[in-house]
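Undergrad: Below is the structure I would like to discuss, written out as structure tokens.
The values are calculated or read from the model by the stated rules, or taken from the named source; none is laboratory data. This is a predicted model, so every value here is computed, not measured. Counting neighbours? That spans all protein chains shown, and the Cβs are built from the backbone with ideal geometry, glycine included. Please note that ligands, DNA and RNA were not included when accessible areas were found on the heavy atoms of the full protein model with its side chains. Shrake-Rupley method; radii C 1.70, N 1.55, O 1.52, S 1.80 Å.
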Amino acid sequence: ELKVEQNPLFLSMQEGKNYTIYCNYSTTSDRLYWYRQDPGKSLESLFVLLSNGAVKQEGRLMASLDTKARLSTLHITAAVHDLSATYFCAANQKGGNNDMRFGAGTRLTVKP
Amino acid sequence: NAGVTQTPKFRILKIGQSMTLQCAQDMNHNYMYWYRQDPGMGLKLIYYSVGAGITDKGEVPNGYNVSRSTTEDFPLRLELAAPSQTSVYFCASSIQSSGNTIYFGEGSWLTVV
């Protein structure tokens, strides 16, 4: 059974600093997603990573995928307060059905 | 653009009552999903559908039923509500499963007392 683990679960950062959120998954997956959720809101899709070595960037966020290590990272560069949110990664089991398994989320707080 | 629309947004149910959460999408997506999110947790898949007339169980289907009579609509039925079903429910859709963005509705907050 596919399990997805994120760390850290809570992250408090100063504005301007860099940090990385890690997402490990337990079995082979053919796609990895990153989402952002603001309190009381729905999920916003950030990235979809489909292949080993895939790297995608949007603004201060960059996501990468290492399928051999079963690891995806979400790197935050020069954090700003507007990035405060909960970030989820999710993975689908390769060749399986559409049962996307989510990590528990990383609650990010960026302080001035 | 409407996207994925869920109703109701908030509902309080008594134990043993039944209700249907409505979900509609206007993007002509063939894949639709229902998730639940418990406080401080990630989402868990309840049911999904790959097209009209086709549904399948996800990770946590017990206590729920779905139907997909049209491409647009994917209602979730709760039979005999239990306190364990207190959660936030999200409906989502995508054009197909592989590598495409999945669009989520705004969520339905359900409390069972």
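Undergrad: What is the Å³ per residue value for the convex hull set by the Cα atoms of the range A:4-111?
TA: Once divided by residue count, the hull of the range A:4-111 is 88 Å³.
Undergrad: Still on this structure, please answer the following. Roughly how many Å² of B:TYR47 are accessible to a 1.4 Å probe, to the nearest 10?
TA: 20
Undergrad: Could you tell me the total accessible area buried at the B-A interface, probe 1.4 Å, in square angstrom to the nearest hundred?
TA: Approximately 1700 Å² gets buried when B meets A.
Undergrad: Residue by residue through the range A:99-110, which ³J(HN,Hα) values in whole Hz follow from phi under the Karplus form 6.51 cos²θ - 1.76 cosθ + 1.60 (θ = phi - 60°), with glycine and proline marked x?
TA: Result, rounded to whole Hz: 7, 7, 9, 9, x, 6, x, 10, 8, 9, 10, 9.
Undergrad: Here is a follow-up. Would you be so kind as to list the residues of the range B:66-113 that have their accessible area lowered by at least 40 Å² in the full protein complex compared with their chain by itself (1.4 Å probe)?
TA: Residues of the range B:66-113 that lose at least 40 Å² of accessible area once the other chains are added: B:SER97, B:GLY99, B:ILE102, B:PHE104.
Undergrad: To continue, here is another question. Kirkwood Rh over Cα pairs of the protein assembly as shown into Stokes-Einstein at 37 °C, 0.692 mPa s: D in µm²/s?
TA: For the chosen part, D equals 183 µm²/s.
Undergrad: Restricting attention to the alpha-carbon atoms of the range B:4-112, what are Rg (one decimal) and Dmax (integer), both in Å?
TA: That works out to 12.9, 40 Å for Rg and Dmax.
Undergrad: Which loop trypsin sites (Lys or Arg not before Pro) in the range A:1-84, with loop taken from DSSP, have no more than 12 other Cβ atoms within 10 angstrom of their Cβ?
TA: Sparse-neighbourhood loop trypsin sites (Lys or Arg not before Pro): A:LYS3, A:LYS17, A:LYS68.
Undergrad: Give the accessible surface of the protein assembly as shown per residue, rounded to a whole number of Å², with probe radius 1.4 Å and ligands, DNA and RNA excluded.
TA: The answer is 48 Å² per residue.
Undergrad: Taking 0.36 nm per intervening residue step and subtracting the Cα-Cα distance, what contour gain separates B:ILE54 from B:ALA2 on full extension?
TA: 16.3 nm
Undergrad: Please report, as a whole percent, how much of the solvent-accessible surface of the range A:4-111 comes from carbon and sulfur atoms (probe radius 1.4 Å).
TA: Reported share for carbon and sulfur atoms: 47 percent.
Undergrad: According to a simple spin-label model (label point 7 Å from Cα along Cα-to-Cβ), what is the distance in nm between A:LYS68 and A:HIS81?
TA: 4.4
Undergrad: With every protein chain left in place and a probe of 1.4 Å, what is the accessible surface of B:THR5, to the nearest 10 Å²?
TA: Ignoring ligands and nucleic acids, B:THR5 comes out at about 70 Å².
Undergrad: Right, next: Of the accessible area of the range B:4-112, with the probe set at 1.4 angstrom, what percent is carbon plus sulfur?
TA: 51
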